[in-house]
Amino acid sequence: MGIIRFGYEGWRERLGEGFDEENVARVATGIAVMWQQQSPGATVYVGYDTRPGAEDFARIVAGALAAHDMDARMSSCACPLPALGWAIARDDASCGGVMVSASGSPADFQGICLRSERGTIVLDEHIEELETYIPGDAPATDGEFEIVDIVSPYLESLADYVDGDAIAAAGLRVVVDPMFGAGSGHLARLLRSLGVDATEIHPAPSATFEGLHPRAEEPWADECEREVVRLGADAGLILDGDADRSGIIDAQGKLVGQQRMVALVMGHLVEGRGASGKVIMPMSGSTYIRRQAQRLGCPLSVSPIGFSRVSEELSRGGGLLGADEFGGIAVPDHLMERDGLLVSLLLLELMAKSGMGVAELVADLEGKIGHLDYGRRSVRLESAAVQSFRNLLPGINPESVAGRVPATVNHADGLRLGFEDGSWVMVRPSRTDHMVRIAAEAPTPSERDALLEGACELVRNAK
């Protein structure tokens, strides 16, 4: 049996090649032993997505937990990851949960991720501890566990959280794209109960996802964009594979950048719902978030990259919103973890109460805080080259990138260069893949692309 390592969002492998019944049993046993030592007999919730064999793998996990005297409770159906988190957070007897899902990975991958007793992503140090408990051989996983409905109470809580009357009165027509993932059926059903005319595309099950990668970004949003235009819908709502991240498409079939989406949600929470509090974002977060927080008078905290650090700060209280580097949004008033369904509802509530379409909302936002174009690239390297670059990075202080002189230089979590006009570029070696990730934001696509290319050259030429 090989060594199993967890990455930032959990353990993921290709189905049948690394992700199989024996390895799942090993991982589940390690989780059970760890939690049995920390919280003997506590409740553990188990969820699963729509990928081939997901329910069977979840049964192995639940059986292993129960075999080690944990109170294992498995979802009665494929469930959104935030539904699992919501169930955990509202059960004082729960010490955490396990989700069988590979989120935005292709259909031939599967994975396992953990949630803490708050329903949030588990800190790196706890994952490192878990890896020490994973046995070399697959043990028995025949404990008895309970099957429970965790989705219905979660959906009811979402319906109660927003102004259903305002949403119903707006007469909105939307296209919902769960991308064959764990949100299949759930968001569309909820929207219909709130009076929204919702058409769902890419519903589960699909063994292959039709080649689609379930991520709320281009080019995977293309079909939803076309369907919005074809139906004359007001918006398209996209969920990623486990439904903790979302995207929105305007009536012209254009996907709104996820950084703009964070700023829109922030503005609605403060100006539309009267909320207040601190905004927490990672070092690679957008200038949109910084400017919107400043405009709204919200304190801004910049955390190390990794949503576990964002949710940890949210847990201290006083938080309005937490965002990850890919546009995932947590509203701690409901759950201290990212929730694509909740964000979708809040955006529809914003449309309903403002009387504005998505494109109008974006134009209004940019009229207040300016326009920027965001982009990402990756430079693939051999494993040794990535480590070498990581070692060199603290000493890299370029005088210019793409002919531009940095106004600020920050080496926390990589290298972030900021410029006077709010542009920035960040270079960061991946923790889990053999690549260096690069992100940039600038007033025009050409300026953004020049920063991205300049940073790529910086990586390639580092010695």
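Based on what the data block shows, is Cys113 outside any helix (DSSP H, G or I), in contact with a Phe, Trp or Tyr (Cβ under 8 Å, 6 or more places away or on another chain) and of a type outside the set (Ser, Thr, Tyr)? In short, yes.
Per the conditions (1) in a loop (DSSP other than H, G, I, E, B); (2) touching a residue at least 40 places away in the same chain (Cβ under 8 Å); (3) outside the structural domain of Ser286 (by TED's automatic domain parsing), the sole criterion not satisfied by Met336 is (3). Please determine whether any residue of segment 360-381 is in contact with a strand residue (DSSP E or B) (Cβ under 6 Å, 6 or more places away or on another chain), among the basic types (Lys, Arg) and assigned to a helix (DSSP H, G or I). Checking segment 360-381: not a single residue is in contact with a strand residue (DSSP E or B) (Cβ under 6 Å, 6 or more places away or on another chain), among the basic types (Lys, Arg) and assigned to a helix (DSSP H, G or I). Cβ separations smaller than 6 Å between residues 6+ apart or across chains give the following pairs from segment 427-444 residues that are under 15 Å from His411 (Cα atoms) to residues that are of a type in the set (Ser, Thr, Tyr): Arg437/Ser378; Arg437/Ser430; Ala439/Ser284. The sole residue among Ala93, Ala83 that is among the small types (Gly, Ala, Ser), outside the structural domain of Asp242 (by TED's automatic domain parsing) and buried (at least 19 other Cβ atoms within 10 Å of the Cβ) is Ala83. Answer yes or no: is there a residue in segment 451-460 that is in a loop (DSSP other than H, G, I, E, B) and assigned by TED's automatic domain parsing to the domain that holds Phe389. Checked segment 451-460: no residue is in a loop (DSSP other than H, G, I, E, B) and assigned by TED's automatic domain parsing to the domain that holds Phe389. Give the number of residues within segment 335-390 that are buried (at least 19 other Cβ atoms within 10 Å of the Cβ) and of a type in the set (Asp, Glu). Within segment 335-390, residues that are buried (at least 19 other Cβ atoms within 10 Å of the Cβ) and of a type in the set (Asp, Glu) number 3.
Within segment 339-359, the set of residues being under 19 Å from Val229 (Cα atoms), touching a residue at least 40 places away in the same chain (Cβ under 8 Å) and not in a helix (DSSP H, G or I) comprises Gly357 only. Restricting Glu313, Glu325 to those that are part of a helix (DSSP H, G or I) and not aliphatic (A, V, I, L, M) reduces the list to Glu313. For segment 247-264, the set of residues classified as within 15 Å of the chain's Cα centre (by Cα) and modelled with pLDDT of 95 or more consists of Gly247, Ile248, Met261, Val262, listed by residue number.
Of all residues in segment 164-175, those that are over 24 Å from Ile201 (Cβ atoms) have Cβ atoms under 8 Å from Cβ atoms of residues that are assigned to a helix (DSSP H, G or I), 6 or more apart or on another chain, in Ala166/Glu349; Ala166/Ala352; Ala166/Lys353; Ala169/Ala352.
The values are calculated or read from the model by the stated rules, or taken from the named source; none is laboratory data. None of these values were measured; they are calculated from a predicted model. Every residue, glycine among them, receives a Cβ derived from its backbone with ideal geometry; neighbour counts consider all protein chains shown.
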